1. If we keep just the residues of segment 117-148 that are within 22 Å of residue 166 (Cβ to Cβ), of a type outside the set (A, V, I, L, M) and modelled with pLDDT of 80 or more, which is surrounded by the fewest Cβ atoms within 10 Å (Cβ to Cβ)?
2. Is it the case that segment 20-41 has a residue that's in contact with a Cys (Cβ under 9 Å, 6 or more places away or on another chain), touching a residue at least 12 places away in the same chain (Cβ under 8 Å) and not assigned by TED's automatic domain parsing to the domain that holds residue 160?
3. Kindly establish whether residue 88 is in contact (Cβ under 8 Å) with a residue 40 or more places away in the chain and closer than 25 Å to residue 255 by Cα.
4. Pick from segment 224-266 the residues that are in a helix (DSSP H, G or I) and more than 29 Å from residue 66 (Cβ to Cβ): which of them is modelled with the lowest pLDDT?
5. Picking from 196, 169, 188, 200, which residue would you name as being more than 17 Å from the chain's Cα centre (by Cα), small (Gly, Ala, Ser) and at pLDDT 75 or above?
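The values are calculated or read from the model by the stated rules, or taken from the named source; none is laboratory data. Keep in mind that what you see is a predicted model, and the values were worked out from it rather than measured. Cβ placement follows ideal geometry from the backbone for every residue including glycine, while neighbour counts extend to all protein chains displayed.
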Amino acid sequence: MNTIDRYSVSVVPLEILSSTGQCLANATGFFYSYGNNIYLVTNWHVLSGRDSQTGQPRHSSGAIPHSLSFPLIRTENFLNDCYSHSELLINEQDQNSWLQEKDFGQKVDVAVLKLNIDKSKFANGVVNLSSGVTGDLDVAVGIDVFVLGYPRNQTKQHNIPVWKKASIASEPNYPLNNQDEVFLIDCATREGMSGAPVIARQLGICSNIDGELVLRPGVHSKFLGVYSGRYTGDDLQEMQLGIVWKQEHINNIISFGVKGGFDIIQ
């Protein structure tokens, strides 16, 4: 078997479907392990199907998401043994089955769905347990990061995501416009990449969290957070600044989140 990066098989293309099976959008999601469960992580605007500013449906038909579909790897044979998996986004009580941030709702553009899967048929990776993770890798402004996703849903190679290179564009340890746990990246991202994981990656020599240079052979990687689209402002295409919500939001939503809703918090 050819070598494949474990992060690449932790990411999947998402097809967002209405109650009638109509495809409303394509996006990116990734797998995350917490406790004994596996979760799918993406954006609030992806699973809600609504504009985070107005609360209106994003699709021209006015339909909202009812389910989603994505490919899974069944065995360690990886790409030669995939199958399509579906998850309902609405439970039997007609409530959204996915979770959002408790106090800030859509203002934190992250959504988490606990997966109903047979672990014996799940051979994908999960971003927070993937090999090559260097827990003490220093995350500083200017370092290289990668956004793993599916630009315009046209670049799938055996469902492997494209690694779009970026750099951290704002000081990651200081609030951005009074928002903690979010930072900007400089990257020419495109539609379809919403919900993508952002990975820091360095080769050979890296800097640890104490600012010391460390010589380690191989690749050093660290999962940083969730990409959720371009930064709001004038002339967005020229700015090419993307928003990344830090990993802490995922943990908070899993531990303390509430059922997803459509109310817009100002």
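1. 142
2. Restricting attention to segment 20-41, the residues satisfying the condition of being in contact with a Cys (Cβ under 9 Å, 6 or more places away or on another chain) are none.
No; the residues of segment 20-41 include none that is in contact with a Cys (Cβ under 9 Å, 6 or more places away or on another chain), touching a residue at least 12 places away in the same chain (Cβ under 8 Å) and not assigned by TED's automatic domain parsing to the domain that holds residue 160.
3. Values: in contact (Cβ under 8 Å) with a residue 40 or more places away in the chain: no; closer than 25 Å to residue 255 by Cα: yes.
No, not satisfied.
4. In this case the residue turns out to be 236.
5. Sole residue among the options that is more than 17 Å from the chain's Cα centre (by Cα), small (Gly, Ala, Ser) and at pLDDT 75 or above: 169.
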